[in-house]
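*Asks:* One structure is given below, represented as structure tokens, and several questions about it will come after.
Derivation of every value follows stated rules applied to the coordinates shown; laboratory data play no part. All values derive from a computational prediction rather than experimental measurement. As a convention, Cβ positions derive from the backbone with ideal geometry for all residues, glycine included, and neighbour counts pool all protein chains shown.
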Amino acid sequence: MKRVEMLIIDPQNDFCSPDGSLFVPGADRDSERLAALLVQISPTIYDIHVTLDTHHRYDIAHPCFWRDKKGNNPPPFTLVSVEDVEQNVWIPVDPRKEMRTYALDYVKTLRDNNRYQLCIWPVHCLIGTKGNNVVDPIQQALSKWEQENTAMVNYVTKGSNFKTEHYSALQADVPDPADPATMLNTRLIQTLEQAEVIVLSGQALSHCVANTIRDIANNFGEENIQKLVLLEDTTSAVPGFEDLAESFLDEMTTRGMQTTNTKNFLI
């Protein structure tokens, strides 16, 4: 029997429930399809890894981190450029000079490393809240898998460092040398390398799914990318960012990632 591992990226209420603070349209139905597949193929899954977006309210990508000259916080989905910070269009609420210096260096690093431009998101996936929890259909399927297989889901948290974005489950967009949790997760990569098939799902396709899979591929060896199988009917893009999802799919399928859906998935 093949060693099949699943990587489910951020299947949380704030993304997957219609009342979530950053609901991704379609993610509720994505979750139902994924949960049904998990139950169907439960005995054949060797291990399941679930990443969890995990934030404080005060976070560099949340409105309360920034203000304009009048003291107003940026509305959600504001894009913050290097020029915005240089020209004090957006200023860190923290008045210390070192925080202003950090903020400017941060957006410059995003630009220079060709990462996504800083986006201000609705407050989401706060530690200890319902929004941080795994959405119910998937949580029930995971619990059933654990019980039936005498196994434990490997939960991987990301995003609790307020000074950096953490779209990818493998590393922060700008790793903090003082925080190992923001550095490359070599342990997860080494675990996934042992699999023969890695089934991929989660939210959102345009952001956390795309960046996680890219980072796996970039640290995996090109010969291993063919192990990656994305379930396209269990992941959706954030509205307005569909081009990022399409670019990701084009890039990764060219590199060898396979795609399928829950109806046609075969071990």
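*Asks:* Take the Cα coordinates of segment 161-207, assign each an equal point scatterer, and use the Debye formula without solvent to give log10 I(q)/I(0) at q = 0.18, 0.21 Å⁻¹.
*Replies:* Debye intensities relative to I(0), on a log10 scale: -0.66, -0.82.
*Asks:* Modelled label-to-label distance, residue 116 and residue 222, 7 Å Cα→beta-carbon offset: nm?
*Replies:* 2.8 nm
*Asks:* Let me check against my output: what whole-number percent is the relative contact order of segment 63-119, with C-alpha pairs under 8 Å and at least 6 apart?
*Replies:* 36 percent
*Asks:* Projecting each Cα onto the charge dipole of the chain (Lys/Arg +1, Asp/Glu -1 at the beta carbon, about the Cα centre), which of 124, 162, 45 comes out farthest on the positive side?
*Replies:* Value: 162.
*Asks:* What's the local net charge at residue 221, with K and R +1, D and E -1, over the other residues with C-beta under 15 Å away?
*Replies:* Here the charged neighbours net out to -2.
*Asks:* Pairs of lysines 8 or more apart, or on different chains, with alpha carbons under 17 Å: count those in the chain, would you?
*Replies:* Close lysine pairs under the 17 Å cut-off: 6.
*Asks:* How high is the relative contact order of the chain, in percent, with contacts defined as C-alpha pairs under 8 Å that are six or more residues apart?
*Replies:* On the way: 527 pairs, mean separation 69.1, N = 267.
Across the chain, relative contact order equals 26 percent.
*Asks:* Using the Cα centre as the reference, give the magnitude of the dipole from point charges on the C-beta atoms of segment 63-119 (Lys, Arg: +1; Asp, Glu: -1; all else neutral), rounded to the nearest 20 debye. Walk me through the numbers before you get to the answer.
*Replies:* Details: 9 positive and 8 negative charges, 28 e Å.
Dipole about the Cα centre, nearest 20: 140 debye.
*Asks:* So in the chain, what percent of DSSP beta bridges are antiparallel if you round to the nearest 5?
*Replies:* Bridges in the chain are about 15 percent antiparallel.
*Asks:* Is it possible to state the helix-based mean residue ellipticity at 222 nm for the chain, with each DSSP H run of 4+ residues giving -39500 (n - 2.57), the sum divided by total residues, to the nearest 500 deg cm²/dmol? What is it? Each step should come with its number before you reach the end.
*Replies:* Working: 8 runs with 85 residues, N = 267.
It lands at -9500 deg cm²/dmol.
*Asks:* Rounded, prolate or oblate: pick one for segment 17-176, where a ≥ b ≥ c are the square roots of the eigenvalues of its C-alpha gyration tensor, a/c under 1.5 means rounded, and failing that, prolate if a/b is larger than b/c, else oblate.
*Replies:* prolate
*Asks:* Give me the one-decimal nm value for the distance between modelled label points at residue 77 and residue 40, 7 Å along each residue's Cα-to-Cβ direction.
*Replies:* The answer from the label model is 3.4 nm.
*Asks:* For the chain, give the magnitude of the charge dipole about the Cα centre (Cβ charges: +1 Lys/Arg, -1 Asp/Glu; no others), in debye to the nearest 20.
*Replies:* The dipole magnitude comes to about 480 debye.
*Asks:* Using only the alpha carbons of segment 63-119, what is the convex hull's orientation-averaged projected area in square nanometres?
*Replies:* Values: hull surface 14.3 nm².
Seen from a random direction, the Cα hull of segment 63-119 projects 3.6 nm² on average.
*Asks:* Using a 7 Å offset from the Cα along the Cα-to-Cβ direction at both residue 191 and residue 99, what is the distance between the two label points in nm, to one decimal?
*Replies:* 3.5 nm
*Asks:* OK, next. Between beta-carbons, use under 12 Å as the cut-off and find the net charge around residue 162, counting Lys and Arg +1, Asp and Glu -1. Present the calculation step by step, with values, prior to reporting the outcome.
*Replies:* Details: positive: 57, 163; negative: 59, 94, 165, 176, 179.
Taking every other residue near residue 162 into account, the sum is -3.
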